[in-house]
Amino acid sequence: MTISTFIIFCLNGLTNGMLLFLISAGLTLIFGVMGILNFAHGSLYMLGAYLTFSLVTHGLNFWIALIFAPMAVAIIGAIIESIFVRRIYHQDVSFQLLLTFAFVLLINDLVRLVWGSAPLTTPTPELFAGTVQIFDRPYPAYNLLIIILAPLVGISLWLFLSKTRLGKIMRAVAQDRVMAGALGINVPQLFTRVFMLGAWLGGVAGVLVAPLRTLNPAMADNVIIESFIITVIGGLGSLPGALVGALLLGLVNSFGILIAPRAQVAFPFILMAITLLFRPQGLFGKIQR
């Protein structure tokens, strides 16, 4: 393997990993603060991608879609949380899984109804439609945009959670929601905001993936499985764990195609199994006492 080939595979892994990080960060945030396993998160990501397709193909700028599509997904997330999810906070986890899985089916059918089942493609933003020379090989400039933009979103999320008042309140509620409520924090309202933020992150990932991959109603299935694998590897509720887990999974997927194409689909599960074998709580997770 030449150096240029190795770097190309690394960049492909980073591109995939950064997209998975944005998706799993939203999933991790919702679970970390609310304790909700949101199966519908992958469908919200898919919805962001399809909304981007509609906005761009109807003449709007991609950068406008990057603003408005995640906002629309966040509003849909707020509706789901405030009307439906809020009713099952004190129920068994099986109710969470059944309810959010119901929204998977609902959103998937809605996508088929509005956009059909045929594969769709979104034009790449004109500014990043070209290639960049990596040693002796061209590489898509749009992939490099994702590698740069996704960490910026992650850093912004970290600054929000660690430096702002609302972010600190979210962290306090994650630690002890009963005590937070006793101190006067409106926990149900805060949960709605957390769910919106998680849905927004999924929507951002959907916008970014739209010009990169063919859109189809099944695109949410694999990504939600990989997102759950990432949260298990990184540790449930850990954003740094989501980042490290996404990077590991992205690189494993990238080099897995090169090393053993037929077994590549099994590599994420092998990585998860190895993590659980040596560190059951995940790389950055805490042991529950």
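The values are calculated or read from the model by the stated rules, or taken from the named source; none is laboratory data. Since we're looking at a predicted model, the values are computed, not measured. Heads up, the Cβs are rebuilt from the backbone with ideal geometry, glycines too, and the neighbour counts pull from every protein chain shown. Heavy atoms of the whole protein, side chains included, go into the accessibility calculation; ligands, DNA and RNA do not. Shrake-Rupley method; radii C 1.70, N 1.55, O 1.52, S 1.80 Å.
Details
- Mean separation of Cα contacts under 8 Å (6+ apart) over length of the chain, as relative contact order %: 37 percent
- Per-residue SASA remark: His58, around 150 Å² accessible (1.4 Å probe; ligands, DNA and RNA not included).
- Fraction of accessible area attributable to carbon and sulfur, the chain (%, probe 1.4 Å): 69 percent
- Local net charge near Leu183, Cβ-Cβ under 15 Å (Lys/Arg +1, Asp/Glu -1): +3
- Ranked by the mean number of other Cβ atoms within 10 Å per residue, highest first, peptides 22-30, 238-246 order as 22-30, 238-246.
- Calculated on the Cα set of segment 204-289, radius of gyration then Dmax: 13.9, 45 Å.
- With a Förster radius of 35 Å applied to the C-beta separation of Thr131 and Leu276, the computed FRET efficiency comes to 0.30.
- Alpha carbon centroid spacing (whole Å) that separates segment 40-79 from segment 129-175: 18 Å
- For the pair Ala102 and Ile64, label points projected 7 Å from Cα toward Cβ lie 3.7 nm apart.
- For the chain, the share of alpha carbon pairs falling in successive 10 Å distance bins from zero is 7, 28, 36, 22, 7, 1, 0 percent.
- Rotationally averaged projected area of segment 151-274 (alpha carbon convex hull; nm²): 9.4 nm²
- Square roots of 5 times each gyration tensor eigenvalue, C-alpha, segment 18-177, largest first, Å: 31, 22, 14
- Residue-averaged [θ]222 nm for the chain, counting only DSSP H segments that reach four residues, each worth -39500 (n - 2.57): -24500 deg cm²/dmol
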